[in-house]
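Data first, discussion second: the structure below is written as C-alpha cells.
Each value in this text was obtained by applying a stated rule to the coordinates, not by laboratory testing. Given the structure is predicted, the values throughout are model-derived calculations rather than measurements. All Cβ positions, glycine included, derive from the backbone under ideal geometry; neighbour counts span all protein chains shown.
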Amino acid sequence: MFVVFFRWKLREEMIKEFKEGWSEVIHVNIDKFGALGSRLHKASDGTWVSYSQWPTKDHWLRSKESETLVQDARAKMRKAILWQDEPLLMAPQIDHFVSSKLEANGSFA
C-alpha cells in the first residue's frame, strides 16, 4: 500500500467549493486509477488535511498523468487554497486500521 498526505490552508468562504472539487477528484481516482479511498479532515489548527490510499505508488503516478480528467475540479480547489504543503508520500510500516463499525447515527453496527 502507498499513502499520500496533503495539507492546505483554505479561504473560509470557499470551503464548500473546495470540498466539491476534492470529492470529484477522489471519485475519478477511485473509478479510473484504482485508488483505495481518501479522507478529508479539518485539523485543530484550522488547516485541512487529506490522505489517500493507493495499491502502489505507480497507481498514484498514473493518476497524475491524466490531470485533464479533473482540471475543472482542481480549479475549484485552487480558488479556495491560500497555501498548501507539498504532498507527503508515505509507505505504511505497521497497519492496525479497522473499518468503521459506526453507523451514521453514532451507534455501532
Next item on the list: Count the net charge of all other residues whose Cβ sits under 15 Å from the Cβ of Leu69, scoring Lys and Arg as +1 and Asp and Glu as -1.
Entry: 0
Next item on the list: Report the net charge of residues surrounding Gly21, where surrounding means a beta-carbon distance below 12 angstrom and charges are Lys +1, Arg +1, Asp -1, Glu -1.
Entry: +2
Notebook entry, point to check: So if we plug the beta-carbon distance of Glu86 and Arg62 into 1/(1 + (r/R0)^6) with R0 = 25 Å, what FRET efficiency do we get, rounded to 0.05?
Noted result: 0.80
Item checked: Tail beyond 23 Å, pair distance distribution of the chain (Cα, percent) -> 33 percent
Notebook entry, point to check: Once amide H atoms are built 1.01 Å from N in the peptide plane, which residues 5 or more positions from Leu36, or in another chain, come under 5 Å H to H?
Noted result: Gln53, Trp54
Next item on the list: Could you tell me the number of lysine pairs in the chain with C-alpha atoms less than 12 Å from each other, where the two lysines are 8 or more residues apart or belong to different chains?
Entry: 8
Notebook entry, point to check: Taking only C-alpha pairs under 8 Å that are 6+ residues apart, what is the relative contact order of the chain in percent?
Noted result: 43 percent
Next item on the list: Report the local net charge at Gly34: Lys and Arg +1, Asp and Glu -1, summed over other residues whose C-beta lies under 14 Å from its C-beta.
Entry: +1
Item checked: Among Thr68, Thr47, Asn29 - extreme Cα towards positive end, dipole of the chain, charges at beta-carbon -> Thr47
Check: Rounded to the nearest 20 Debye, what is the dipole magnitude of the chain about its Cα centre when Lys and Arg each give +1 and Asp and Glu each give -1 at the C-beta?
Finding: 100 debye
